């Protein structure tokens, strides 16, 4: 396994829409392993391939306290919003380090994805798990959590992160 470099906002590569994965081969399994290692090292609970400059439709998550429940989602998408009631969650992002912002999202959704065995799965998600999956799918679509906040806050975050990189 290897640690991957995480792109940070406002890097334009974060806006790239990821391409569907055609087959789950060893390179995809290695990418998933490397992404999990990178996510754990960064103390995150989710990481999309776009964030590590791999523009493939795959992300990894682990919301367990002890980091023992890693999940890999390949070619994921939301197939149903089960409960359209939106809840506000304080979201963070490894590509926007040090910032947490309130984002409203549906609290219960159904998603489909392909697992590492190449099998299609459907899963109902709620609360934090639903938020994380929606957040990571947004990354694969070239969207960031800052797209859901005011332009004033977004610009302030962009300036602070740009200054840190200089």
For every helix of n ≥ 4 consecutive DSSP H residues, a contribution of -39,500 (n - 2.57) applies; sum these over the chain, divide by its total residues, and give [θ] at 222 nm rounded to the nearest 500 deg cm²/dmol. -9000 deg cm²/dmol
Using bins 5 angstrom wide from zero, how does P(r) for region 1-82 break down, in % of all Cα pairs? 3, 15, 25, 24, 20, 10, 3, 0
Going 7 Å from the Cα of residue 128 in the Cα-to-Cβ direction, what parts of region 12-54 have a backbone nitrogen less than 17 Å from that spot? 39-47
Sorted by mean Cβ packing within 10 Å, highest first, what order do the peptides 150-160, 105-115, 54-64 take? 54-64, 105-115, 150-160
To the nearest Å, what is the center-to-center distance of region 122-163 and region 10-33, using C-alpha atoms only? 18
In region 38-66, which residues have a backbone nitrogen under 16 Å from the label point lying 7 Å from residue 77's Cα in the Cα-to-Cβ direction? 56-59
How far apart, in nanometres, would the label points at residue 27 and residue 87 be if each is projected 7 angstrom from Cα along the Cα-to-Cβ direction? 4.0
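Which peptide among 8-14, 71-77 comes first, and what is the full order, when sorted by highest mean count of other Cβ atoms within 10 Å?
Top to bottom by mean Cβ count within 10 Å: 71-77, 8-14.
Taken together, the values in this text are just the output of simple stated rules run on the coordinates, not laboratory data. Just so you know, these numbers come straight off a predicted model, no measurement behind them. Cβ coordinates were reconstructed from backbone atoms using ideal geometry, including for glycine residues, and neighbour counts include every protein chain displayed.
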